[in-house]
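Below you'll find the structure, written out as structure tokens, and then a few comments.
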């Protein structure tokens, strides 16, 4: 059995996997109610709550499955990127358990885990273009194997999910902002407002969403009495999604790869999925189920299982990291 732990931000995830890589049981504790009054995640609150709920979740998973601690053969845990306080809770627990039980510790990169979350439900042939689009990250990868990801594009400023949250806050919508904007957008006209598509015509595969957020700010400021919120949300959502879709399909054309995997929290967005399917042509597009789009321990467990079976191990002296180092090519994890 393999135990997986995810504590990279405000969610606390625990999952148990069989030795043949199948998820047996998983739990996810959400802190949305704790952070909503602040309009965003408060790192100190997040890490303290992680510390409070992690062991009870593991205890519950073991009790409900009838698995004893001594039956665990490996433990996989998110090492980063993420909030360092939250990461330390999960990594410290995993290291302690690894040492006490004398079982392998498998460190997992949070970004990689998102990209391969789709494999929990189906296999996707390599190579493929991976679009990771979440609150903290927006990046394009050429993916040739579970351990061969090449960075080909990323955001120069805000991530797409971050832009959703900031625009939601600007419009007085509740946290988390992405679902709130998308809900209002369902009743709006996506062609009502002509918003910019930053870097869409640039000769690269990078993204930028800060300017789009600023455009929304000035549109609201200058037309405060005439703005229809539903139309603005729909137009904003359309602008972001069109950039994501066009840049990703451009990568497929440039590299001659007819497959796309879209993951991360924003990949649960219904409009984004619809636009991808409508625009893809001969390109196959794969999405994980919505429950696997946001942070969870199942994706950590799957990639941890792959690494475990390949003989990969993480030393107890290795430390979690708050940020991945973006370079053209491989995403480099700090030592």
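What to note about this one:
- Label sites at residue 221 and residue 63, each approximated as a point 7 angstrom past Cα along Cα to Cβ, lie 5.5 nm apart.
- Fraction of the pair-distance distribution of the stretch 123-287 above 25 Å, Cα-Cα pairs, percent: 28 percent
- Contour minus Cα-Cα distance for residue 197 and residue 210 (0.36 nm per residue): 3.6 nm
- Rounded to 10°, Cα long-axis angle of helix 297-309 versus longest principal axis of the chain: 50 degrees
- A crude spin-label estimate for the pair residue 20 and residue 187, with each label 7 Å from Cα along the Cβ direction, gives 5.0 nm.
- In terms of other Cβ atoms within 10 Å, 65, 7, 314 run from fewest to most in the order 65, 314, 7.
- Cα centroid separation, the stretch 280-305 to the stretch 82-112: 21 Å.
- Candidates 121, 71, 144, ranked by Gaussian network fluctuation over the chain, Cα under 10 Å, top entry: 71
- Mean-position separation - Cα centroids, the stretch 260-278 and the stretch 223-246, in angstrom: 17 Å
- Identified option (computed Cα extents along the principal axes in Å; candidates (i) 61, 44, 40; (ii) 63, 47, 33; (iii) 83, 50, 39): (ii)
- Ranked for footprinting exposure by Cβ neighbours inside 10 Å, fewest first, 209, 119 give 119, 209.
- DSSP beta bridges in the stretch 123-287 [antiparallel fraction, %, rounded to 5]: 60 percent
- With neighbour counts taken as other beta-carbon atoms within 10 Å, the residues 206, 165 rank, fewest first, as 206, 165.
- Tilt relative to the chain, helix 270-279 - C-alpha long axis, 0 to 90 degrees, to 10: 70 degrees
- Expected-Rg normalisation [2.2 N^0.38 Å, Cα atoms] applied to the stretch 1-81: 1.18
- Nearest-ten-degree value, helix 210-222 long axis tilted from longest Cα axis of the chain: 50 degrees
- Label-point gap, in nm, between residue 315 and residue 100 - each point 7 angstrom along Cα→Cβ: 2.5 nm
- log₁₀ of I(q)/I(0) at q = 0.13, 0.21 Å⁻¹ - the stretch 255-322, Debye sum with one point per alpha carbon: -0.56, -0.96
- Average 1/r across all pairs of distinct alpha carbons in the stretch 1-136, invert it, and you get the Kirkwood radius: 15.7 Å.
Every read-out reported here was derived from the displayed coordinates using simple, explicitly stated rules and does not represent laboratory data. Values in this document were obtained by computation on a predicted structure and should not be read as measured data. Note that each Cβ is placed from the backbone with ideal geometry, even for glycine, and that neighbours are counted across all protein chains shown.
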